[in-house]
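**Student:** After the structure tokens below, expect a handful of questions from me.
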Amino acid sequence: FVSKLKQHGAFSPGQALLEIGPGYGRLLKSILKSEAAFQTYLGVDLSAQNIEFLTETFSGDRIAFQHGDIETRTFDQRFDVVFSSLTFKHLYPSFERVLQNVSQALNPGALVFFDLIEGSGEHFEHDGVTYLRHYSKEEVSEILTRCGLRLFAWDEVAHTPEQKRRLVVATKHSRE
């Protein structure tokens, strides 16, 4: 996932990064290991336990974590790059509210990256709690447009050889 971010120009010394749903820091660990350039990183997660773990695990003036609901929280800073892996497919009823909210905190030309399961359909897993939705390219394009974003590229990310996902690369419109 991080190599795809690099391929699409996500990293440079002045970039303010926002990760939606950092979990246990898998992507941040890869970013740091690859020595990708960025100015600041903020990870927002719904789980207070995840935030506690991340705060204890990662340190540095450029790295911060906040507990909160990404659909409703406000930001006191603007971002150049937003990314999320393995999260948007679980957002009920869709990821649109997240993008509507986050797009307000994006600089013009900001890059947005997220992966989805391509197709159609939605269901709850056997646990009755975990929601999973598939998206067509048309649905994704329509959501991006409504959120003031423009599709930049379709790509693919392989989490494992058997687990390939559609990577959406979008940009914030230059005009607001």
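The values are calculated or read from the model by the stated rules, or taken from the named source; none is laboratory data. None of the values given here were measured: they were computed from a predicted structure. All Cβ positions, glycine included, derive from the backbone under ideal geometry; neighbour counts span all protein chains shown. Calculation scope for accessible area: heavy atoms of the full protein, side chains included, ligands and nucleic acids excluded. Shrake-Rupley method; radii C 1.70, N 1.55, O 1.52, S 1.80 Å.
**Student:** Say each of GLN77 and ARG26 gets a label point 7 Å from the Cα, pointing the same way as Cα to Cβ; how far apart are those two points in nm?
**Tutor:** For GLN77 paired with ARG26, the spin-label model returns 2.5 nm.
**Student:** Considering only protein heavy atoms and a 1.4 Å probe, what is the carbon-and-sulfur percentage of the accessible area of the range 102-145?
**Tutor:** Details: 1090 of 2150 Å².
Carbon with sulfur: 51 percent of the solvent-accessible area.
**Student:** Same structure again: Leaving ligands and nucleic acids out of the surface, order PHE152, PHE88, PHE53, PHE75 by accessible area at 1.4 Å, largest first.
**Tutor:** Values: PHE152 125, PHE88 5, PHE53 85, PHE75 45 Å².
Output order, biggest surface exposure first: PHE152, PHE53, PHE75, PHE88.
**Student:** Also, quick follow-up: At HIS90 and ARG146, where each label point lies 7 Å from the Cα along Cα→Cβ, what is the point-to-point distance in nanometres?
**Tutor:** 2.3 nm
**Student:** If Rh is defined by the Kirkwood formula over all Cα pairs and Rg also comes from Cα, what ratio Rg/Rh do you get for the range 116-166?
**Tutor:** Numbers: Rg = 13.0 Å, Rh = 12.5 Å.
Over the Cα atoms of the range 116-166, Rg/Rh equals 1.04.
**Student:** If you count only protein heavy atoms and use a 1.4 Å probe, how large is the accessible surface of TYR41, to the nearest 10 Å²?
**Tutor:** Here the residue's solvent-accessible area equals roughly 10 Å².
**Student:** When the Cα centres of the range 134-156 and the range 66-103 are compared, how far apart do they sit, in Å?
**Tutor:** 15 Å
**Student:** Where does each of LYS33, LYS89, LYS6 land when they are ordered by accessible area, with a 1.4 Å probe and the largest first? All intermediate terms of the calculation are to be shown ahead of the outcome.
**Tutor:** Values: LYS33 175, LYS89 20, LYS6 95 Å².
Of LYS33, LYS89, LYS6, the descending order of accessible area is LYS33, LYS6, LYS89.
**Student:** Kindly report the accessible area of the range 19-176 per residue (heavy atoms of protein chains, probe 1.4 Å, no ligands, DNA or RNA), in Å².
**Tutor:** Details: 8380 Å² over 158 residues.
Averaged over the residues of the range 19-176, the accessible area is 53 Å².
**Student:** Related question: Under the rule a/c < 1.5 gives rounded, and otherwise a/b versus b/c splits prolate from oblate, where does the range 5-91 land using the Cα gyration tensor? Kindly include the intermediate steps, with their values, before the conclusion.
**Tutor:** On the way: a/c = 1.42, a/b = 1.29, b/c = 1.10.
Rounded, since a/c falls under 1.5.
**Student:** How about LYS29: which aspartates and glutamates have a C-alpha closer than 20 Å to its C-alpha, ignoring those fewer than 8 places off in the same chain?
**Tutor:** GLU19, ASP45, GLU52, GLU56, ASP61, ASP80, ASP115
**Student:** Under a crude label model (7 Å from the Cα following the beta-carbon direction), how far is GLN49 from GLU138 in nanometres?
**Tutor:** 4.1 nm
**Student:** Can you work out the base-10 log of I(q)/I(0) for the range 75-141 at q = 0.14, 0.20, 0.26 1/Å, using the Debye formula on its C-alpha atoms alone?
**Tutor:** Treating every Cα as an identical point scatterer, log10 I(q)/I(0) equals -0.48, -0.85, -1.18.
**Student:** Right, something else. Answer with one residue from HIS123, ALA105, HIS159: the one whose Cα lies farthest towards the positive end of the charge dipole of the range 60-169, charges on Cβ with Lys, Arg +1 and Asp, Glu -1.
**Tutor:** ALA105
**Student:** Kirkwood Rh, Cα Rg: Rg to Rh for the chain?
**Tutor:** Rounded to two decimals, Rg/Rh equals 0.93.
**Student:** Order these peptides, 138-144, 100-106, 56-62, by their mean beta-carbon neighbour count within 10 angstrom, highest first. Mind showing how you got there, number by number?
**Tutor:** Numbers: 138-144: 16.3, 100-106: 19.7, 56-62: 10.3.
Averaged packing, sorted descending, gives the order 100-106, 138-144, 56-62.
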